[in-house]
Amino acid sequence: MTQHILILPGDGIGPEITAEAVKVLNALKVSDNLDIEMTEDLVGGAAYDAHGLPLSDETMAKAQAADAILLGAVGGYKWESLDISVRPEKGLLRLRSEMKLFANLRPAFLYPQLADASTLKPEVVAGLDILIVRELTGGIYFGQPRGIRVLENGERQGFNTYVYSESEITRIAHVAFKAAMKRNKKLTSVDKANVLEVTELWREVVDTVAKEYPEVEVKHMYVDNAAMQLVLNPKQFDVMVTGNMFGDILSDEASMLTGSIGMLASASLDENNKGMYEPSHGSAPDIAGQDLANPLATILSAAMMLRYTLGREELALKIESAVSKVLDQGLRTGDIYLEGMTKVGCREMGDAVVAAL
Ligand code: IPM
Ligand code: MG
């Protein structure tokens, strides 16, 4: 049965990088009978310019009806002064929230060919393979009340609410433990339980869920320490589970261990593994439209889509080994370029992956 994929290129480099991932998927339609149909729509600043909203109800309905979504990136200088309620990022947050995509998987995997591209010493990062499991529909990103209010003395005060209910913590913990069971059976839960009650509860609930996975070795770590350990000795980590904001920050940090944020794919899944797939990086407006962006994170996100939602593990592996092959060939976009390699643009990189399939 044909599966429907909604492509949401978004802003900045979004259209360029998603075009390359679409190229790869189209190649698989021909070579491997991948039975999918892709339609494209607007999100973020592009949607705002067209409809005055970063995600129209119509696009939201298409997303709900699709089997999976592939998204580029949202945001840019052009929309930074808009009211926060209609900023491009709100389109992305609405998709995550209304589709209940609570489990965000961000694999920080170092392709051995890129060990020298990391700013850390190759021996510190060689062999790195971390899976960050980020809670995506709760925490301080969505907590109420929130806003900017005027105090009695006339001063303005900004406020947000950091909340997690037990059920939210329980379900993301299960995702993380299940992932750990398939990997090296080590889970680090990241919190700030020495200061924040919400994460004191997080820690307690993770320990409760841990009883169902006796084989998994669980560690708790404060987020400041985790940030430090990620650059000190990143290979101590297997699976990391954390809340929405800490996960946002730590996944950017972890991505740089892999050479470039341009390599980090992600999957955002609901209870039934329906998902949205997007690179973990942003819209990079400074290099947009110049054929300079690295499309590999988006191409690898398409691989995750094949793995988690479309049930085609063999094609996911095929894409991942094609990526490895083009790195072997010495092809590098600017973000992962090192002397002696062949510098290529976004399109050329996509074409090379297709050829390597
Ligand atoms: C990410 C991004 C988003 C986030 C932004 C664009 C809203 O940084 O996916 O990591 O903060 O979640
Ligand atoms: Mg982020």
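What the table shows:
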item	result
Members of the range 106-139 that are of a type in the set (Val, Ile, Thr) and under 18 Å from the mean Cα position of the chain (by Cα)	Ile130, Ile132, Val133, Thr137
Residues (within 14 Å of ligand 1 (Cβ to nearest atom) and surrounded by fewer than 19 Cβ atoms within 10 Å (Cβ to Cβ)) located in the range 104-140	Ile140
Cβ-Cβ under 8 Å pairs, at least 6 apart or on other chains, the range 234-247 side closer than 10 Å to Leu136 by Cα, far side polar (S, T, N, Q)	Thr242/Ser189; Gly243/Thr199; Asn244/Thr137; Gly247/Asn104
Scope the range 234-251; condition within 12 Å of ligand 2 (Cβ to nearest atom), over 19 Å from Glu166 (Cα atoms) and touching a Gly at 6+ places or on another chain (Cβ under 9 Å); matching residues	none
So Phe159, is it of a type in the set (Phe, Trp, Tyr) and free of Cβ contacts under 8 Å to residues at least 24 places away in the same chain	yes
Hits in the range 340-354 - residues which are part of a loop (DSSP other than H, G, I, E, B) and surrounded by 14 or more Cβ atoms within 10 Å (Cβ to Cβ)	Met341, Val344, Gly345
The range 263-317, subset part of a strand (DSSP E or B) and more than 16 Å from ligand 2 (Cβ to nearest atom), residue surrounded by the fewest Cβ atoms within 10 Å (Cβ to Cβ)	Leu269
Matching helices (runs of 4 or more DSSP H) fully within the range 133-248 where at least 3 residues are under 22 Å from Ser97 (Cβ atoms)	166-182, 197-210
Search result, residues across the range 253-270 that are modelled with pLDDT under 95 and under 21 Å from Ser97 (Cβ atoms)	none
Gly75 vs. criteria over 15 Å from the mean Cα position of the chain (by Cα) and surrounded by fewer than 23 Cβ atoms within 10 Å (Cβ to Cβ)	no
Close pairs (6 angstrom Cβ cut-off, 6 or more residues apart or separate chains): open to solvent by 60 Å² or more (accessible area, probe 1.4 Å) in the range 321-339, assigned to a strand (DSSP E or B) anywhere	Tyr337/Lys343
Ile84 hydrophobic (A, V, I, L, M, F, W, C), within 16 Å of ligand 2 (Cβ to nearest atom) and open to solvent by 20 Å² or more (accessible area, probe 1.4 Å)	no
In the range 206-259, residue farthest from ligand 1 (Cβ to nearest atom) [restricted to those that are open to solvent by 10 Å² or more (accessible area, probe 1.4 Å) and among the polar types (S, T, N, Q)]	Thr208
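The values are calculated or read from the model by the stated rules, or taken from the named source; none is laboratory data. All values reported here derive from a predicted model rather than from experimental measurement. Neighbour counts run over all protein chains shown; Cβ positions are idealised from the backbone, glycine included. Ligands, DNA and RNA are excluded from the accessible area calculation, which covers all protein heavy atoms including side chains. Shrake-Rupley method; radii C 1.70, N 1.55, O 1.52, S 1.80 Å.
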